[in-house]
Amino acid sequence: MTRIVFVTGGGRGIGAATAKLLARRGHDVAVNYQSNVAAAQKVVREIEALGRKAIAVQGDVSKEADVERMFGAVDEHLGPLSGLVNNAGITGRIGRLDAATAADIQSTMDINVVGALLCARAAVKRMSTKHGGKGGVIVNVSSVAATMGSANTYVWYAASKAAVDAATLGLGLEVAAEGIRVVGVAAGLTDTDLHAAGGEPERAKKLAAAVPLGRIAQPAEIAEAIAWVMSDAAGYVTATTLRVGGGR
């Protein structure tokens, strides 16, 4: 059975790895991007080369009009949605809270929290049996920062991911009887450009020694966890967050 999944922030890092892995597992995929159209289109071409359908959909997940437009495009070009991976996320500039700008704090909350909630809302309206849907899975990509606090790094980012974990629990319970599972995947230090965007491109590698497994994760390893959570093998898993942090 073909499944149709929407991956936010799907043009890079964990999102791109997840989109391609889900395609290999038989899914058609909508790849969301905000500004890097070339990266998203590259992921789409790689998915199509696997024999699956894919589209790139531009939009800011923190804006309601963009979210509605993007999900409408999925309806039109791919068909009934069966999965959402809420992966889009930012950190703002790395540093202490007393040095952070209000704009960094606000944008992080808007993308990471408001964006995840708006996309989850759109997905529920399509997948819930209460709304005539056939069920599905929502995966919220979180971070081990949610429980570590990220002092001196990005307290606001940690707070945003803690909010995502709370939403995973609450929404998972809310729609459990409507055919939808909601599961979080909390990633540890991963080899992506997230830290470069925050001003410290080598941060993850510098902290590798602090990870009990002695290394940082590759995006494909986080993608494997997401794909498992979305599979029927995880059919009894909901309203919880899986920690993929190398022991942290």
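The values are calculated or read from the model by the stated rules, or taken from the named source; none is laboratory data. Not measured: the values here are computed from a predicted model. All Cβ positions, even for glycine, are placed from backbone atoms using ideal geometry, and neighbour counts span all protein chains on display.
In a helix (DSSP H, G or I) and either modelled with pLDDT under 95 or small (Gly, Ala, Ser) (or both): does that describe ALA30?
Spelling it out, it is not the case that ALA30 is in a helix (DSSP H, G or I) and either modelled with pLDDT under 95 or small (Gly, Ala, Ser) (or both).
Can you find a residue in the range 129-144 that is surrounded by fewer than 23 Cβ atoms within 10 Å (Cβ to Cβ), in contact with a strand residue (DSSP E or B) (Cβ under 7 Å, 6 or more places away or on another chain) and either within 26 Å of GLU224 (Cα to Cα) or at pLDDT below 95 (or both)?
Our first condition is that a residue be surrounded by fewer than 23 Cβ atoms within 10 Å (Cβ to Cβ); within the range 129-144, this holds for 129-135, 144.
Still in the running and in contact with a strand residue (DSSP E or B) (Cβ under 7 Å, 6 or more places away or on another chain): 135, 144.
Going one step further and asking which of them are either within 26 Å of GLU224 (Cα to Cα) or at pLDDT below 95 (or both), we end up with 135, 144.
Checked the range 129-144: at least one residue is surrounded by fewer than 23 Cβ atoms within 10 Å (Cβ to Cβ), in contact with a strand residue (DSSP E or B) (Cβ under 7 Å, 6 or more places away or on another chain) and either within 26 Å of GLU224 (Cα to Cα) or at pLDDT below 95 (or both).
Starting from the range 6-32, keep only residues that are touching a residue at least 24 places away in the same chain (Cβ under 8 Å) and hydroxyl-bearing (Ser, Thr, Tyr), then list their pairs with residues that are assigned to a loop (DSSP other than H, G, I, E, B) and surrounded by 24 or more Cβ atoms within 10 Å (Cβ to Cβ) whose Cβ atoms are within a distance under 9 Å, requiring at least 6 positions of separation or different chains.
THR8/VAL61; THR8/ASN87; THR8/ALA88; THR8/GLY89; THR18/GLY10; THR18/ASN87
Has the range 206-215 got any residue that is modelled with pLDDT under 95 and of a type in the set (D, E, K, R)?
Initial filter on the range 206-215 (modelled with pLDDT under 95): 206-210.
When the remaining residues are screened for being of a type in the set (D, E, K, R), the result is 206.
Scanning the range 206-215 turns up at least one residue that is modelled with pLDDT under 95 and of a type in the set (D, E, K, R).
I need a count of the residues in the range 230-244 that are among the aliphatic types (A, V, I, L, M) and either assigned to a strand (DSSP E or B) or closer than 21 Å to THR147 by Cβ (or both).
Residues flagged as among the aliphatic types (A, V, I, L, M) and either assigned to a strand (DSSP E or B) or closer than 21 Å to THR147 by Cβ (or both) within the range 230-244 amount to 4.
Quick check: anything in the range 235-243 within 20 Å of VAL164 (Cβ to Cβ), touching a Lys or Arg at 6+ places or on another chain (Cβ under 6 Å) and surrounded by 19 or more Cβ atoms within 10 Å (Cβ to Cβ)? Before the answer, list the steps.
Step one: list which residues in the range 235-243 are within 20 Å of VAL164 (Cβ to Cβ), which gives 237-243.
So of that shortlist, the ones also touching a Lys or Arg at 6+ places or on another chain (Cβ under 6 Å) come out as 238.
Next, from what is left, pick out any that are surrounded by 19 or more Cβ atoms within 10 Å (Cβ to Cβ): 238.
Checked against the condition, which is being within 20 Å of VAL164 (Cβ to Cβ), touching a Lys or Arg at 6+ places or on another chain (Cβ under 6 Å) and surrounded by 19 or more Cβ atoms within 10 Å (Cβ to Cβ), the range 235-243 yields at least one hit.
Take ALA17 and tell me if it is touching a Pro at 6+ places or on another chain (Cβ under 6 Å) and surrounded by 15 or more Cβ atoms within 10 Å (Cβ to Cβ). Spell out the reasoning first.
Numbers: touching a Pro at 6+ places or on another chain (Cβ under 6 Å): yes; surrounded by 15 or more Cβ atoms within 10 Å (Cβ to Cβ): yes.
Spelling it out, ALA17 is indeed touching a Pro at 6+ places or on another chain (Cβ under 6 Å) and surrounded by 15 or more Cβ atoms within 10 Å (Cβ to Cβ).
One residue is enough: does the range 202-217 have a residue meeting the conditions touching a His at 6+ places or on another chain (Cβ under 6 Å) and touching a residue at least 60 places away in the same chain (Cβ under 8 Å)? Before you say what the answer is, go through the steps one by one.
Residues of the range 202-217 that are touching a His at 6+ places or on another chain (Cβ under 6 Å), as a first pass: 203-204.
Checking which are touching a residue at least 60 places away in the same chain (Cβ under 8 Å) leaves us with 203.
Looking for residues that are touching a His at 6+ places or on another chain (Cβ under 6 Å) and touching a residue at least 60 places away in the same chain (Cβ under 8 Å), one finds at least one in the range 202-217, hence yes.
Could you tell me which numbered condition ASN140 fails, if it satisfies all but one of (1) assigned to a helix (DSSP H, G or I); (2) over 18 Å from ALA196 (Cα atoms)?
(1)
So, in the range 38-64, exactly how many residues are more than 22 Å from ASN112 (Cβ to Cβ), part of a helix (DSSP H, G or I) and among the aliphatic types (A, V, I, L, M)?
Of the residues in the range 38-64, the ones more than 22 Å from ASN112 (Cβ to Cβ) are 38, 41-42, 44-55.
Still in the list and also part of a helix (DSSP H, G or I): 38, 41-42, 44-49.
When the remaining residues are screened for being among the aliphatic types (A, V, I, L, M), the result is 38, 44, 47, 49.
Number of matching residues: 4.
Give the residue that is farthest from ALA23 (Cα to Cα), with candidates limited to residues of the range 73-105 that are part of a helix (DSSP H, G or I) and in contact with a helix residue (DSSP H, G or I) (Cβ under 9 Å, 6 or more places away or on another chain).
Residue satisfying both the conditions and the ranking: LEU97.
Which of the helices (runs of 4 or more DSSP H) contained wholly in the range 148-229 include at least 1 residues that are surrounded by 15 or more Cβ atoms within 10 Å (Cβ to Cβ) and aromatic (Phe, Trp, Tyr)? Before you say what the answer is, go through the steps one by one.
On the way: elements: 155-174, 194-197, 203-206.
Filter on the range 148-229 gives 155-174.
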